[in-house]
Amino acid sequence: MGLVPGIGSKSRFEYLLTVLGGCWSGWHLLLISVLQTKLIWYDAPICPVPAAAAVEHFRLPALRPLGWVLVSLGWFWGPYANLMQHMTTAHRQHYAEAEL
């Protein structure tokens, strides 16, 4: 889906990125389709290529890298803190019981 906007692009860089990404994704999908073992995470290396093409096409607002890091931390900090608290509580309960 991320490769679609780059096909008709006027930017040469975006078009070449789309062609390269399409070739990469196509060969990778062909390879994992032919293999006997089909695990769901085998298609994970394909995801960054269309994402890069979509970012190049839609041009995200120019934030400094520190801004993107802070936005990411703000976005993911709540779920991460909840997960860590749950895991810490489960770990402490597991080793607090005398029979363990």
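The values are calculated or read from the model by the stated rules, or taken from the named source; none is laboratory data. The structure presented is a predicted model; accordingly, all values stated were derived computationally and were not measured. Here Cβ is always computed from backbone atoms with ideal geometry, including for glycine, and neighbour counts include all displayed protein chains. Remember, those area values only see protein heavy atoms, side chains included, never the ligands or the DNA or RNA. Shrake-Rupley method; radii C 1.70, N 1.55, O 1.52, S 1.80 Å.
Overview of values
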item: Filtered residue count, segment 15-44, keeping only those that are surrounded by 12 or more Cβ atoms within 10 Å (Cβ to Cβ) and modelled with pLDDT of 75 or more; result: 15
item: Residue within segment 5-14 that is assigned to a helix (DSSP H, G or I), of a type in the set (A, V, I, L, M, F, W, C) and modelled with pLDDT under 70 present; result: yes
item: Members of segment 62-90 found to be assigned to a helix (DSSP H, G or I), surrounded by 10 or more Cβ atoms within 10 Å (Cβ to Cβ) and modelled with pLDDT under 75, listed by number; result: W68
item: Residue, modelled with the highest pLDDT, within segment 45-60, restricted to residues that are outside any helix (DSSP H, G or I) and open to solvent by 90 Å² or more (accessible area, probe 1.4 Å); result: R59
